[in-house]
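Colleague: A single structure is presented below for examination.
The numbers here are math on the coordinates, done by the rules we state, and not lab data. Please read these numbers as outputs of a predicted model, since none were measured by experiment. Neighbour counts are summed over all protein chains in view; Cβ atoms, including those assigned to glycine, are modelled from backbone coordinates with ideal geometry.
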Amino acid sequence: MTTDKKLPIVYDKAYNIGFFGIEKLHPFDTAKYGKIVKHLNKTLGIKTNQFHAPYAISNEELLKVHSEHYLNSLNNKETIAGVAEMGILTKLPLKMLQNKLLFPIRLATGGTLVAGSLAVEHGWAINLSGGYHHAKENNGEGFCFFADINLLIETLREENKIKSAMIVDLDAHQGNGHESIHGEDSLVYIFDMYNQHIYPREFQLKKYIDYDIPLNHKISDETYLKLLKEHLPKAIETSKPDIMIYAAGTDIYEHDPLGNLKISKQGIIERDSIVFSLALQNDIPIVMLLSGGYHKDSGPIIGESIEKLINMIDE
Ligand SMILES: [Zn+2]
């Protein structure tokens, strides 16, 4: 790895959310993103100045996918606590919630847009956060405040960089947010593979999934990877998208407290490599977003996976 070359990876240390022991209130790892960076530094010698910086998304941009009413409601502690699913947050000052919680998420949402442009230019890009696939036009939920996936599609279209897009959602949870926003858009193809027995169980949105692979609890590496290898190439062949937006949630991990699947670390690394290989082989730009992943191993697993992806692309 050459030392100062910029990589199409977007990161800011402010992605890491941490205040007042918030990590004890919600099963997420506040240092997850930093752990990925640490791994890439240790194994490939990548320095932080090789990453691209995100910017904080404005409400004006967010209006492309969200209602004004919803964005205004984020000036209200109850709404913020509701989206984050942590009632206790209403006890904290609004300014603090906006600075310590919403600001990092605004940065990560801007980071998805930066990664989208980089992917169009370089063929691939990774935002070391984002992938908020539960956010809808009029509300956030499941810790997803802003629909960055849908916003990226709308923005790239406005810039005439793409017409069609494919969302490859391999987070353990169903992507009900992007399904509700772009479900009726015939140029947005949705491939969703998720545990059908856990949140959000929004089955009325299943009709918007173009390629639907509902999974059962505790699925193994072997079955999971076989399904992916069999179906994703078919979905790409059918949709031939201008860009692939990959929600690479690591909550499919066997020890994740929320996903209830049984995929090993090696299984996750192989999954990411299958998705990237297919995008590269088909000459489709790919943007990887991290989505869910609530175990302390998530950061190191993603770090190792990205290390492998960079080596694969470099070859
Ligand atoms: Zn998830």
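Colleague: Segment 49-76 to segment 236-315: how many Å between their Cα centroids?
Modeller: 25 Å
Colleague: Neighbour counts of other C-beta atoms within 10 Å: give me HIS231, HIS39 arranged from fewest to most. Could you put the intermediate results ahead of the total?
Modeller: On the way: HIS231 15, HIS39 20.
Result, fewest neighbours first: HIS231, HIS39.
Colleague: Right, here's the next one. Separation between the GLN196 and ASN216 pseudo-spin-labels, each 7 Å from Cα along Cα→Cβ, expressed in nm?
Modeller: Inter-label distance under the simple model: 1.1 nm.
Colleague: Starting from 0.36 nm per residue, how many nanometres of slack lie between SER264 and GLU85 once their C-alpha separation is accounted for?
Modeller: Length difference between fully extended and current span is 61.7 nm.
Colleague: Between ASN41 and HIS122, take the C-beta separation as r, use R0 = 22 Å, and let me know the FRET efficiency to the nearest 0.05. Before the final figure, lay out the partial values.
Modeller: Numbers: r = 21 Å, r/R0 = 0.95.
Working from the Cβ atoms, E equals 0.60.
Colleague: A further question on this structure: Specify the residue with the greatest mean-square fluctuation among LYS207, LYS32, LYS77, computed from a Gaussian network of the chain linking alpha-carbon atoms under 10 Å apart.
Modeller: Among LYS207, LYS32, LYS77, the largest GNM mean-square fluctuation belongs to LYS207.
Colleague: Separate question: Evaluate the relative contact order of segment 9-314 (contact order divided by residue number), counting alpha-carbon pairs under 8 angstrom at least 6 apart; express in whole percent.
Modeller: Relative contact order of segment 9-314: 21 percent.
Colleague: Right, another one. Any idea what Rg and Dmax come out to for the chain if you just take the C-alpha atoms, in Å?
Modeller: Using the Cα atoms of the chain, the pair Rg, Dmax is 17.9, 52 Å.
Colleague: Take the chain, connect every pair of alpha-carbon atoms lying under 10 Å apart with a spring to form a Gaussian network, then pick out the residue of ALA84, ALA172, ALA125 with the largest mean-square fluctuation.
Modeller: ALA84
Colleague: Given 0.36 nm per residue, what is the gain on full extension from LEU71 to SER186 after removing their alpha carbon distance, in nm?
Modeller: In short, 38.7 nm is gained.
Colleague: Quick one: order ASP283, ASP171, ASP29, ASP12 by neighbouring beta-carbon count within 10 Å, fewest to most.
Modeller: On the way: ASP283 7, ASP171 26, ASP29 18, ASP12 21.
The most exposed by this proxy come first: ASP283, ASP29, ASP12, ASP171.
Colleague: Anyone know which of ILE167, ILE213, ILE126 comes out most mobile in the 10 Å Cα GNM of the chain?
Modeller: Between ILE167, ILE213, ILE126, it is ILE213 that shows the largest mean-square fluctuation.
Colleague: Could I ask something else about it? Between LYS226 and ASN311, take the C-beta separation as r, use R0 = 35 Å, and let me know the FRET efficiency to the nearest 0.05.
Modeller: 0.90
Colleague: Taking a label point 7 Å from the Cα of ALA14 along the Cα→Cβ vector, which residues of segment 27-54 have an amide N closer than 13 Å to it?
Modeller: It comes to 53-54, nothing else.
Colleague: Averaging sequence separations of C-alpha pairs under 8 Å and six or more residues apart, then dividing by the length of segment 66-172, give the relative contact order as a whole percent.
Modeller: 26 percent
Colleague: How large are Rg and Dmax for segment 169-230 when calculated on the C-alpha trace, in angstrom?
Modeller: For segment 169-230, the Cα radius of gyration and maximum Cα-Cα distance read 11.6, 33 Å.
Colleague: Return SER164, SER239, SER298, SER277 ranked ascending by Cβ neighbour count within 10 Å, so the fewest neighbours appear first.
Modeller: SER277, SER164, SER239, SER298
Colleague: Compute the length gained on full extension between ASN99 and ASN138: take 0.36 nm times their separation in residues and subtract their Cα-Cα distance, giving the result in nm to one decimal.
Modeller: Stretched fully, the ASN99-ASN138 segment lengthens by 11.8 nm.
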